[in-house]
Amino acid sequence: MFEMTAIITFVGSCIYLVVYFGNTLVHHTHYFSDEDEDDESAQEFTTNTVRCEYEYHRASSLKREGDEAVIRAVVSGETPSYSLESELGDCKRAAVIRRMAVERIAGKSLDGLPVDGFDYESILGRCCEMAVGYVQIPVGIAGPMLLDGKEFLVPMATTEGCLLASTNRGCKAIYASGGATGVLLKDGMTRAPVVRFGTARRAADLKFFVEEPRNFETLASVFNKSSRFARLQSIRCAIAGKNLYIRFTCSTGDAMGMNMVSKGVQNVLEYLRADFPDMDLIGISGNYCSDKKPAAVNWIEGRGKSVVCEAIIKEEVVKTVLKTNVASLVELNMLKNLTGSAMAGALGGFNAHASNIVSAVYLATGQDPAQNVESSHCITMMEAVNDGNDLHVSVTMPSIEVGTVGGGTQLASQSACLNLLGVKGANKESAGSNARQLAMVVAAAVLAGELSLMSAIAAGQLVKSHMKYNRSNKDN
Ligand code: ADP
């Protein structure tokens with residue numbers, strides 16, 4: 001005999017209603033007392049639905065079974081692995097049991113992958129499903145990086161020997177030369193849905209409508225209702241026959257902003273449907289955004305934070321810290337980062353190893369590592385200045401996608417790294433300042449990395465230093 005259960009939860013201005021018939025979730029809904037489409041509330045709703053289920057199943061009978069019985073239920077398929085958190089009401093126990101079930105199914109051991117020492121509740125409904133443990137990545141600190149008169153200690157998570165040592169050397173050269181300067185050129189996350197019409201003429205009608213400056217204010221007010229932080233900046237379209245790609249750009253406060261911009265886009269599409277009822281929404285993302293794929297649109301237009309960062313490295317510092325000379329660096333940069341990359345048909349890859357630094361800082365600070373693809377777009381320029389004695393070096397990076405709230409940023413270790421940089425969480429005085437500061441630090445760290453690796457190559461030291469730091473004796 002099944003029982004009907006209703007759970008009502010209050011979170012801020014919202015009321016959540018979750019109804020079960022037996023163990024099955026049959027209905028869930030939420031009611032907002034004021035701002036119905038608030039982004040924060042929607043996120044809390046998703047998390048809360050998962051948590052309500054979790055709380056409800058705390059009473060499930062499986063919870064009272066011993067580990068062996070639960071493992072057997074998972075291995076036989078009787079209990080789905082994904083339901084363990086809600087069935088057991090204990091995220092840590094769920095991870096341990098799932099891990100044992102996986103080992104049994106695979107006939108292989110997961111020894112070496114730690115399961116203890118992690119807060120599994122912190123990822124529930126947010127960061128990772130079906131957890132069985134966590135991968136350990138060492139974190140090193142490069143710096144101090146002197147950027148715009150402030151010192152930063154830069155956390156980098158990596159298993160590539162030499163990377164920290166090299167970036168640290170670059171930081172030292174920049175510090176000894178008086179520091180780096182950064183400029184934020186743009187700050188806007190993008191999303192581009194694809195919509196289809198019966199004719200190219202109709203697709204063009206919508207393009208002209210959304211790109212008409214007189215319509216911008218109306219569309220922006222519809223878009224901005226999605227969140228306190230989302231602010232529409234521009235809309236640009238591309239047409240392929242009768243298909244229209246509408247690239248929305250908006251500021252997103254301290255969030256990296258993918259969820260936020262998607263919600264705003266959805267609001268505008270609903271609004272447009274009144275005047276364009278023949279519009280067929282094919283996908284909320286039509287790849288003209290473009291997220292996690294190499295694409296010229298990001299390289300040219302920018303995505304997330306567009307930053308340029310520069311420094312003048314004194315001749316003496318080039319000699320003593322970087323162990324090379326200005327002329328060799330300038331020549332190498334021209335033939336490798338500019339000409340060599342052009343010969344290779346590079347897309348945003350006019351640099352020595354920007355992605356090394358971007359990925360390591362992203363992993364340490366809870367960014368989405370898949371966005372390393374476009375975030376690493378970078379052109380490194382080097383020029384002899386001050387009568388050819390000193391080196392002007394710069395990195396221009398149009399698509400640094402970072403946030404200090406949301407995603408993996410709130411997890412304990414990633415949050416500690418953000419804290420070290422002084423950019424943890426939301427900036428209360430000026431929303432978005434923490435994320436913008438983080439983007440500048442990423443660019444400055446790339447500047448340091450470029451300086452050091454280019455110097456090692458110019459001095460013919462690359463292979464020697466990698467043999468020393470990147471290979472353990474075990475390999476020999
Ligand atoms: P993303 O859009 O990057 O995927 P989320 O969906 O996690 O990120 O959205 C960020 C959440 O953090 C939203 O619910 C937003 O209302 C909240 N938030 C709180 N303070 C800020 C802030 N200063 N900037 C941006 N978002 C903030």
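Values quoted throughout were computed directly from the atomic coordinates according to the rules given, and no laboratory measurement underlies them. Values in this document were obtained by computation on a predicted structure and should not be read as measured data. Heads up, the Cβs are rebuilt from the backbone with ideal geometry, glycines too, and the neighbour counts pull from every protein chain shown.
Between N325 and S234, how high is the FRET efficiency from 1/(1 + (r/R0)^6) when r is the Cβ-Cβ distance and R₀ = 45 Å? Nearest 0.05.
Working: r = 45 Å, r/R0 = 0.99.
The calculated FRET efficiency here is 0.50.
Which value, in debye to the nearest 20, gives the size of the charge dipole of segment 193-283 about its Cα centre, when Lys and Arg are +1 and Asp and Glu are -1 at the Cβ?
Details: 13 positive and 9 negative charges, 24 e Å.
That gives a dipole near 120 debye.
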Go through K172/K314; K292/K428; K186/K314; K207/K242; K63/K108 and tell me which ones have a Cα-Cα distance over 18 Å in this structure.
-> K292/K428; K186/K314; K63/K108
Distribution output for segment 220-327: share of Cα-Cα pairs per 5 Å bin in percent, first bin at 0, values 2, 10, 17, 18, 15, 9, 6, 5, 5, 5, 4, 3, 2, 0
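If you take the beta carbon distance between A416 and Q136 as r and set R0 to 22 Å, what does 1/(1 + (r/R0)^6) give as a FRET efficiency, to the nearest 0.05?
0.90
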For the R201, E103 Cβ pair and Förster radius 41 Å, calculated FRET efficiency rounded to 0.05 is 0.10
Hey, how many Å between the Cα centroid of segment 58-80 and the Cα centroid of segment 287-304?
-> 46 Å
With charges only on Cβ, +1 for K and R and -1 for D and E, what is the dipole size of segment 305-412 about its Cα centre, in debye, rounded to 20?
-> 220 debye
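If packing is taken as the mean number of other Cβ atoms within 10 Å per residue, what is the order of 330-341, 308-319, highest first? Present the calculation step by step, with values, prior to reporting the outcome.
Working: 330-341: 16.8, 308-319: 20.2.
Output ranking for 330-341, 308-319: 308-319, 330-341.
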Segment 295-327 residues near the modelled L185 label - backbone nitrogen below 20 Å, point 7 Å along Cα→Cβ | 295-312
Could you work out how far apart the two model spin labels at E65 and F209 are, taking each label as a point 7 Å from the Cα in the direction of the beta carbon, and quote it in nm?
-> 5.6 nm
Inter-probe distance in nm under a simple model that places probes 7 Å from Cα toward Cβ, at R273 and Y82 | 2.6 nm
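Past the 16 angstrom mark, what percentage of all C-alpha to C-alpha distances in segment 193-283 do you count?
Summing the P(r) of segment 193-283 above 16 Å gives 50 percent of all pairs.
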For segment 132-257, treating each Cα as an identical point scatterer without solvent, what Debye log10 I(q)/I(0) comes out at q = 0.20 1/Å?
-> -1.06
